[in-house]
Amino acid sequence: MTKGLPDPPIRATTASCDFGHCECSHPSLFSVRSGVDLEDALVHLSTLLKGAFATNLKAMESATGTCRDLLLANDHGLDSAKAVVEALLDGVELQQLARPMRAG
């Protein structure tokens, strides 16, 4: 017997990842939950990067010398990370648009 429709593609999701280690005797305070859809995780990451970017820009307003140089380097890194996240989100969207619509 031949299948009429292919299986839907497997959606990428997060794995569990602990964070918030403060080098103490207790376990991590926080964790990324497993099973979060890739696109949802990237949207959240984009929001976090926007906040870090804004915080860094505010700190640069009053910084001088070597501190300002370090903040500029950080700004470049945040901008690069944000570009990668946005490119991934655009790629996910393009893949979704390219999928043929199936009749329900």
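Structure notes:
- Rounded to 10°, Cα long-axis angle of helix 65-98 versus longest principal axis of the chain: 10
- Solvent-accessible area of the range 12-94 (1.4 angstrom probe, protein heavy atoms only): carbon and sulfur portion equals 62 percent.
- Angle between the chain longest axis and helix 38-62 axis [Cα atoms, degrees, rounded to 10]: 20
- Residue-count net charge about ALA81 - beta-carbon cut-off 13 Å; Lys, Arg +1, Asp, Glu -1: -1
- Whole-number accessible area per residue in Å² for the range 1-73, which is evaluated in the context of all protein chains at 1.4 Å: 81
- With Rh defined as the Kirkwood radius, the inverse of the mean 1/r over Cα pairs, the Rg/Rh of the chain is 1.16.
- Estimated 222 nm signal from helices in the chain, with DSSP H stretches of n ≥ 4 weighted -39500 (n - 2.57), rounded to 500: -20500 deg cm²/dmol
The values are calculated or read from the model by the stated rules, or taken from the named source; none is laboratory data. This one's a predicted model, so the numbers in the text were calculated from it and none came from an experiment. Because the Cβ atoms are built from the backbone with ideal geometry, glycine has one as well, and the counts that use them run over all protein chains shown. Accessible surface is based on the protein model in full, side chains and every heavy atom, while ligands, DNA and RNA are left aside. Shrake-Rupley method; radii C 1.70, N 1.55, O 1.52, S 1.80 Å.
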